[in-house]
1. Multiply the residue gap between Lys19 and Gln60 by 0.36 nm, knock off their C-alpha separation, and tell me the result in nm, one decimal place.
2. From the phi angles alone, apply the Karplus equation (6.51, -1.76, 1.60; θ = phi - 60°) to segment 33-39 and give each ³J(HN,Hα) in whole Hz, x where the residue is Gly or Pro.
3. Could you calculate, for segment 1-49, the ratio of the Cα radius of gyration to the Kirkwood radius, expressed as Rg to Rh?
4. So what's segment 28-76 giving for Rg/Rh, alpha carbon basis, Kirkwood Rh from the mean inverse pair distance?
5. Once phi is turned into ³J(HN,Hα) by the Karplus curve 6.51 cos²θ - 1.76 cosθ + 1.60 with θ = phi - 60°, what whole-Hz value does each residue of segment 73-82 show in order, with x for glycine and proline?
6. 5 Å is the cut-off here: which amide hydrogens, built 1.01 Å from N in the peptide plane, fall below it relative to Val6, excluding neighbours closer than 5 in sequence?
7. Need the list of aspartates and glutamates near Lys3 for cross-linking: C-alpha distance under 17 angstrom, and skip anything on the same chain fewer than eight residues off.
8. Pop out the ³J(HN,Hα) list for segment 40-57 in order, Karplus 6.51 cos²θ - 1.76 cosθ + 1.60 with θ = phi - 60°, rounded to Hz; leave Gly and Pro as x.
Amino acid sequence: MDKIAVLIPCYNEGQTIAKVVKDYREALPEATIYVYDNNSSDHTDEIAREAGAVVRYEYQQGKGNVIRSMFRDIDAECYVMTDGDDTYPAKCRKRRWCQGPQAAANSSTT
């Protein structure tokens, strides 16, 4: 079981996935970072693997299918799900979600 699992569903996120993986590796060095590729045609999987992510595949198209697969396959104490398009910053994730409810309640919104 992973202590922290960062789950990243991806469909053609080749332009941003390396940065996302790098940012989460820095913000949560103890986490295992999983990229679930959903039939990307832009080498998202290769780029994510080169950046240090564990790459898995969901061939049934659709984000809902990917999310079901992620939570079925990965066993962790703490889950952080983010998007592969760099929408959400990695810097505040650990403070907010992986140190318990009190840390989340006391954290800022930045």
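Laboratory data are not the source of any read-out in this text; all were calculated from the coordinates shown. In this text the structure is predicted, and so the values were computed from the model without any measurement.
1. Values: separation 41, 0.36 × 41 = 14.76 nm, distance 2.59 nm.
Stretched out fully, the Lys19 to Gln60 stretch lengthens by 12.2 nm.
2. Working through the residues one at a time gives 9, 10, 10, 9, 8, 10, 6 Hz.
3. On the way: Rg = 10.7 Å, Rh = 10.9 Å.
Taking Rh as the inverse mean 1/r over Cα pairs, Rg/Rh reads 0.98.
4. Values: Rg = 11.1 Å, Rh = 11.4 Å.
Here the Rg-to-Rh quotient is 0.97.
5. For segment 73-82, the Karplus-derived couplings read 8, 9, 10, 8, 6, 9, 10, 10, 10, 9 Hz, x marking Gly and Pro.
6. Under 5 Å from the amide H of Val6 lie the amide H atoms of Thr32, Ile33, Tyr34, Val80, each far enough along the sequence or on another chain.
7. Glu26, Glu30, Asp73, Asp75, Glu77
8. The phi angles translate into 5, 10, 10, 6, 3, 4, 5, 5, 5, 4, 4, 7, x, 8, 7, 9, 10, 10 Hz.
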